[in-house]
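The structure under discussion appears below in the form of structure tokens.
The values are calculated or read from the model by the stated rules, or taken from the named source; none is laboratory data. Just so we're clear, the structure is a prediction, and the values are computed from it rather than from any experiment. Ideal geometry is used to build each Cβ from the backbone, glycine not excepted, and the neighbour counts take in all protein chains shown. Note: areas computed on protein heavy atoms with side chains; ligands, DNA, RNA excluded. Shrake-Rupley method; radii C 1.70, N 1.55, O 1.52, S 1.80 Å.
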Amino acid sequence: MHPAAIVTLTMNPALDVATRIDRLEPERKLRCDTPRYDPGGGGVNVSRTIRRLNGRSVAICALGGSSADTYLELLEREGVETVIIPIGGTTRQSFTVTETTTARQYRFVLPGPALTEAEWRHCLQIAVERSPREGYLVASGSLPPGVPTDFYAQLSKAAGRNGSRVVLDTAGPALSAALDAGVFLIKPSRDELAHLAGIDPGSSIPDLVGVARALIRAARTELVALSLGREGAVLISRDTEIFIPVPEVRVISTVGAGDAFLGGFISALATGRDRGEALRIAVAAGTATAMRPSTEVCRIEDVEQLMTRLTPSGTLYPSPERGSA
């Protein structure tokens with residue numbers, strides 16, 4: 001069996017810069033360690049993870065300005081196949097500073113460049129043209145200024161007509177609009193799903209599962225991969241929920257862990273793994289990324305080791321149709 005094709009789309013990529021310092025203090029010249037540079041942004045991190053797991057994908061991203069060459073060089077160094085859509089603005093940077101005396105991590109996220117209508121329409125056209133029939137189109141990350149809120153909704157409709165399964169990892173109005181169009185899978189965090197439903201972010205897991213199940217019943221999505229951070233993850237489909245807890249590890253950096261989770265899940269589905277096994281791989285990939293410093297993504301040897309510590313099928317929650325959630 002040949003793996004299903006995977007294409008990722010990153011509308012708002014960022015050149016990730018990570019460094020360390022003893023302590024952050026105001027009004028002082030703070031001398032940092034040698035920085036590490038990585039190509040960042042949701043879809044790109046998904047593709048980086050798939051590559052680390054010996055899979056293959058094509059990463060589409062909009063790049064421009066002085067940081068574009070560095071970004072592309074880093075992607076090529078990691079062996080990620082790319083399709084670059086040139087834009088007039090300069091690709092943003094994001095800064096992560098780890099305070100070594102406290103292990104606190106500070107993340108500074110800059111806004112992306114504004115895209116013209118011609119630029120975002122070109123992105124849409126290329127993504128639809130490259131969307132794989134019977135494969136996966138993973139659109140992940142925020143939308144930069146100038147891009148309409150319904151961009152992912154337009155993408156989902158057009159790619160769906162091409163026979164592609166659209167996977168979406170975003171939040172807020174862009175997520176809500178895309179769900180109105182219908183997608184194959186969403187990967188919200190606890191807070192993102194609660195915000196979407198207008199409920200307390202501290203709501204119980206069964207309540208959040210109920211929200212996800214309502215989205216599925218309304219045909220807004222087929223699957224919900226709900227990330228619960230250190231608690232684990234729940235995969236909700238029409239008739240089952242599979243829960244897998246996160247194993248105890250030393251967390252060094254959470255940057256990109258959610259993207260690695262999604263990369264692990266989609267790469268597993270693309271190679272014919274069942275959904276329970278795909279969730280195990282996803283949790284292992286996300287956890288393995290949290291074990292790495294700065295803005296690195298997971299190593300396959302860490303993923304394989306963590307897999308031995310995860311339950312084979314997780315815990316099945318009863319669905320509302322079969323009992324109380």
Whether any residue in the range 156-168 is part of a helix (DSSP H, G or I), closer than 22 Å to GLY42 by Cβ and within 16 Å of the chain's Cα centre (by Cα) is what I want to check. no
Tell me, please, whether a residue that is open to solvent by 10 Å² or more (accessible area, probe 1.4 Å), farther than 22 Å from LEU124 by Cα and modelled with pLDDT under 90 can be found in the range 36-47. no
Picking from THR295, THR311, THR254, the residue that is open to solvent by less than 40 Å² (accessible area, probe 1.4 Å), outside any strand (DSSP E or B) and modelled with pLDDT under 90 would be THR295
In the range 222-241, which residues are under 21 Å from ALA290 (Cβ atoms), more than 15 Å from the chain's Cα centre (by Cα) and open to solvent by 20 Å² or more (accessible area, probe 1.4 Å)? ARG230, GLU231
Which of the residues belonging to the range 81-127 are of a type in the set (S, T, N, Q), open to solvent by 30 Å² or more (accessible area, probe 1.4 Å) and within 20 Å of GLY43 (Cβ to Cβ)? THR82, THR90, GLN93, GLN125
Qualifying residues in the range 136-181 (those that are out of contact with any Gly (no Cβ under 7 Å at 6 or more places or on another chain) and of a type in the set (S, T, N, Q)) - the one farthest from VAL58 (Cα to Cα): SER176
Is there any pair linking a residue in the range 263-280 that is closer than 18 Å to GLY135 by Cβ and in contact (Cβ under 8 Å) with a residue 24 or more places away in the chain to one that is of a type in the set (S, T, N, Q) and assigned to a helix (DSSP H, G or I), with Cβ under 8 Å and at least six apart or on different chains, and which? GLY263/ASN45; GLY263/SER47; GLY263/THR49; GLY264/THR49; SER267/THR49
Complete set of residues in the range 97-116 that are over 23 Å from the mean Cα position of the chain (by Cα) and of a type in the set (D, E, K, R): GLU99
Limited to the range 259-272, what total is found for residues that are in contact with a helix residue (DSSP H, G or I) (Cβ under 7 Å, 6 or more places away or on another chain), within 19 Å of HIS2 (Cα to Cα) and either at pLDDT below 95 or of a type outside the set (A, V, I, L, M, F, W, C) (or both)? 3
May I ask you to list the residues in the range 54-75 that are over 17 Å from THR295 (Cβ atoms) and open to solvent by 60 Å² or more (accessible area, probe 1.4 Å)? ASN54, ARG56, SER66, ASP69
Return the pair list, or none, for Cβ contacts closer than 6 Å from residues in the range 283-304 that are without any contact (Cβ under 8 Å) to a residue 60 or more places away in the chain to residues that are of a type in the set (Phe, Trp, Tyr) and open to solvent by 30 Å² or more (accessible area, probe 1.4 Å), at least 6 apart or on different chains. none
Within the range 197-234, the residues that are outside any helix (DSSP H, G or I) and more than 27 Å from SER164 (Cβ to Cβ) are GLY198, ILE199, ASP200, PRO201, GLY202, SER203, SER204, LEU228, GLY232
Go through (1) without any contact (Cβ under 8 Å) to a residue 40 or more places away in the chain; (2) within 21 Å of THR19 (Cα to Cα); (3) in a loop (DSSP other than H, G, I, E, B) and name the single condition THR102 misses. (1)
Looking at (1) open to solvent by 30 Å² or more (accessible area, probe 1.4 Å); (2) within 18 Å of TYR136 (Cα to Cα), which is the one condition that is false for ALA268? (1)
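Going by what's in this entry, would PRO144 be described as part of a loop (DSSP other than H, G, I, E, B), in contact (Cβ under 8 Å) with a residue 12 or more places away in the chain and open to solvent by less than 10 Å² (accessible area, probe 1.4 Å)? Explain how you work it out, then say what you get.
On the way: part of a loop (DSSP other than H, G, I, E, B): yes; in contact (Cβ under 8 Å) with a residue 12 or more places away in the chain: yes; open to solvent by less than 10 Å² (accessible area, probe 1.4 Å): yes.
When the stated conditions are applied, PRO144 passes them.
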